[in-house]
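Some notes on the structure that comes next.
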Amino acid sequence: MPSFARQQPVRRPSVSSRLSFAVSTAERGESQTENENAPGGIAAQHQIEEEIAKIKRYEDFTTIDWVQDAAREQLRRKSRRKRHAGLFDSGQLDWRHRLRESYDAAQGWIVVTIIGAAIGLNAAFLNIVTEWLADIKLGHCTTAFYLNENFCCWGEDNGCDDWHPWTGLAPVNYLIYITFAIIFSFTSATLVKSYAPYAAGSGISEIKCIIAGFVMKGFLGFWTLVIKSVALPLAIGSGLSVGKEGPSVHYAVCTGNVISRMFTKYRRNASKTREILSACAAAGVAVAFGSPIGGVLFSLEEMSSYFPLKTMWRSYFCALVATAVLAAMNPFRTGQLVMFQVKYDRSWHFFEVVFYIIIGIFGGLYGALVMKWNLRVQAFRKKYLANYAILEATLLAAATAIVCFPNSFLRIDMTESMEILFLECEGAEDYQGLCEREHRLRNIISLVLATVIRIFFVIISYGCKVPAGIFVPSMAIGASFGRTVGIIVQALHEAYPQSVFFSACQPDVPCITPGTYAFLGAGAALSGIMHITVSVVVIMFELTGALTYILPTMIVVGVTKAVSELFGKGGIADRMIWFSGFPYLDNKEDHNFGVPVSQVMITDVVSIPTAGMTLKDVERLLANDSYQGFPIVEDDVSKTLVGYIGRTELRYAVDRVKRNTSRSLNPLSKCTFAPPLSSQDHHLDAVTPLSQTATINFDSTSTSIDFSRYVDTTPVSVHPRLPLETVMELFRKIGPRVILIEYHGQLAGLVTVKDCLKYQFKVEAAENPSRGEDHGRQNEGEWRQEERLWELFRRAGGWVSDKVSSASGGRIRLRDSLEHSRAGGGSARGGGDGGQILDGTEEEIGEDEGVELEMR
């Protein structure tokens, strides 16, 4: 630990007092400007703030400074109240002003209402298109080509004469099924690669980081929304083992971002936009599962690191509007919001708890298995397959179609499969003899194969460059396993009806309902892969409306959670955040490092003195992209902290001075960063002058430029002996971009989220040295295996691509550029295995990923 023996007479106020002081300082500056230059001064000030905010919106891979946003929002409200009071005193407050004030107060509710309606309409459209694309692979409707099988055979349980397979020959139908799968997957991957690379994947991991304040330019843009909405049904219709429920959160948040940017209140304030995005995430889950309350709880439990009561109410209202619009659209014409909604009118027995625990154990093991091997596949994909996104997705769809078509439970859409597996046998459709005793063994074998095959395809498919979620595939896997357990329990009861174990069963009433086991298996798998509990229970309850099955669901989810914790914390979304290297502090983790922040901070800090630097020196600092901001000190010797200036603000100030000055500036012009001091008390009462721009003084000998207007005189700073855990809480709760470390007014260092995460990873590696040694021993063998696997894939993929290209006359190219080897394959963002943490200095953007959009 560095020594801090030097005592300084100046003591800075606490963090909370400086936060409130920042607002009051800006307000005093505003009032002075209004009195001196009204009305032009305040207008110029807002213009400067708007221009700087606009520049920050286009900064990719940086974090939002919540402190500045909070101060700006409070200043806006104070200015509005003062203007309102002035109009009232002068008697000019008419109905127009009252209407404007009412509109401003209700703007948040208006925005979430519009967003909720748009999300509901989009969800209904996607449901209709997805079902038609899934059915068109198997046949067509003779009465109307645009109808899927359910609408074509309305009221019929097992098909009808109007729905025809493509041919009467099974092998030909098999080939047509594979062809449609390839076409859908190829189209989806091409759209994503060509127009919106950010539309690939689920998006939940990135949205968690964005809501926490991480900026990803283009990820929530208009074109991402359009391509996600178009490519998602194609990806689902291709038969890939991916779902639309995860991406529904992404397109819902994209909808919220695009619409909220139309309103000035949210366009200027990134932190308030995050409140809307949290509400949109809730609405996305609500329309995906027909579960508005579950959507709110999912946003609270999984998505949002900051979830105040106001955000919860808006999330609830947005989810309510979205589900109401979806219900009004009634896409399935059954009154159901999703296909696999069911109703159970039977109770359960306590002896079934044993089998519920088995299902819960399966859910935990499933989540651990899929997360471990999917991350291995993701690492392989990032290292070798980055240049072959379209080819990979196409081959995956072809392989899935070839393997899944012979299995009756894998051939159909996953949501339709869950609907069949959830149903009770009595009075319901009997799909492929699922409820018949003589077909019981065949169905058990078919369901076990469906479970194993689906797990394999989920592992290799999740993460490919098409819109892909993991919610519904996991639920389908859990449903097939649960139905298998239910059929086995039902067979045991029929074989031993007089057993003491089954004594609770009534003689003339069906005792075992296999559909409930499928339902509980779906909940267990969803909880196991996402590591969520309460929201899963509520979602499954809203899907069934069965109060009697809340306790079994809680038992299953509790067992799943306990088993999952044995294999590590965090679900697939948290693991993907770590894998991609996003700087995200998980609020669900509790740490006990036992060290002060001085052991983590950066001590070699580049600071700017209040006086003495030339314009040439400032531009030399700005030319180095390694710095996102600079502490302001009195001089390089005393290091007395005065304030902080961000790189964006300094770059804007220099450019504005050059643009607005008629005379050419001397590179040796002196630059000052010292705000004027008012020493009437012992507090550091620095008032930042809100002039129109930096002040330039020309005299006969030299030129000086005053940048003090852009200096933040109240940065968040802490003592070097403050525990690291408390500093991490400050990052989570307050959300500054950087925290300065000072000792009696003297700058000692600074710390960022990246520094905290680096130390956390180092501690975790030190606590498990054996795991690191094992990993090192395995690296060489794994590398050789990956090389051999890659060579096999490359030869097979090249052969298939060449055949397709020659057959189409060169019009269809499945591979992007096979002549390029894997040298460019590792260019994706983030460390190869998740070791690199993005900190906002990454300027290189791959061709596949850097979509520049007008609105983020």
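Bear in mind these aren't lab numbers, they're just calculated from the coordinates by the rules spelled out. Remember, predicted model here, so these are calculated numbers, not experimental data. Here the Cβ is made from the backbone with ideal geometry for all residues, glycine too, and neighbour counts use every protein chain on show.
Using 0.36 nm per residue and subtracting the Cα-Cα separation, the extra length available between Asp508 and Ala106 on full extension is 138.8 nm. In whole percents, the pair-distance distribution calculated for the stretch 112-580 from its alpha-carbon pairs, binned every 20 Å from zero, is 25, 59, 15, 0. Under the combined filter of DSSP loop state and at most 11 neighbouring Cβ atoms within 10 Å, the stretch 523-598 retains these GluC sites (Glu not before Pro): Glu589.
Counting only Cα atoms, the size of the stretch 698-769 along its three principal axes is 67, 22, 22 Å, in decreasing order.
Among 230-238, 746-754, the peptide with the highest mean count of other Cβ atoms within 10 Å heads the list, and the full ranking is 230-238, 746-754.
Considering only the Cα atoms of the stretch 443-507, their convex hull presents on average a projected area of 5.7 nm².
So, counting K/R as plus one and D/E as minus one, what does the shell of residues with Cβ under 15 Å around Tyr316 add up to?
-1
Judged by the mean number of other Cβ atoms found within 10 Å, the most tightly packed of the peptides 105-111, 722-728 leads the ranking 722-728, 105-111. Restriction of the trypsin sites (Lys or Arg not before Pro) in the stretch 264-360 to DSSP coil positions whose beta-carbon has at most 12 other beta-carbons within 10 angstrom yields Arg333, Lys343.
The GluC sites (Glu not before Pro) of the stretch 362-453 that DSSP puts in a loop, and whose beta carbon has at most 14 other beta carbons within 10 Å, are Glu426, Glu429, Glu436.
Within the shell defined by Cβ-Cβ distances under 12 Å, the residues around Glu725 carry a net charge of -2, with Lys and Arg each +1 and Asp and Glu each -1. Stokes-Einstein diffusion for the stretch 196-254 at 37 °C, viscosity 0.692 mPa s, with a Kirkwood radius from C-alpha pairs, works out to 285 µm²/s.
As a proxy for reagent exposure, Met262, Met329, Met216, Met418 were ordered by neighbouring Cβ count within 10 angstrom, fewest first; the result is Met262, Met329, Met216, Met418.
Give the calculated FRET efficiency between Thr179 and Glu619 to the nearest 0.05, with a Förster radius of 45 Å applied to their Cβ-Cβ distance. Here the calculated transfer efficiency is 0.15. Taken one residue at a time, the phi angles of the stretch 321-337 give Karplus couplings (6.51, -1.76, 1.60, θ = phi - 60°) of 4, 4, 5, 5, 5, 5, 5, 5, 5, 6, x, 9, 6, 10, x, 8, 7 Hz. Gly and Pro are set to x.
Among the listed pairs Lys244/Lys588; Lys208/Lys733; Lys78/Lys265, which are separated by more than 23 Å between their Cα atoms?
The answer is Lys244/Lys588.
Put simply, the C-alpha atoms of the stretch 320-361 give a gyration tensor, and the ellipsoid matching it has half-axes of 34, 12, 9 Å, longest first. Here the stretch 383-483 is treated as a Stokes sphere of Kirkwood radius computed over C-alpha pairs; at 20 °C and 1.002 mPa s its diffusion coefficient rounds to 146 µm²/s. In this simple spin-label model, placing a label point 7 Å from the Cα along the Cα-to-Cβ direction at both Arg651 and Lys762 gives a separation of 2.9 nm. When every Cα-Cα distance of the stretch 536-653 is counted in 5 angstrom steps from zero, the calculated P(r) takes the values 2, 8, 11, 12, 11, 10, 9, 7, 6, 6, 6, 6, 4, 2, 1, 0 percent.
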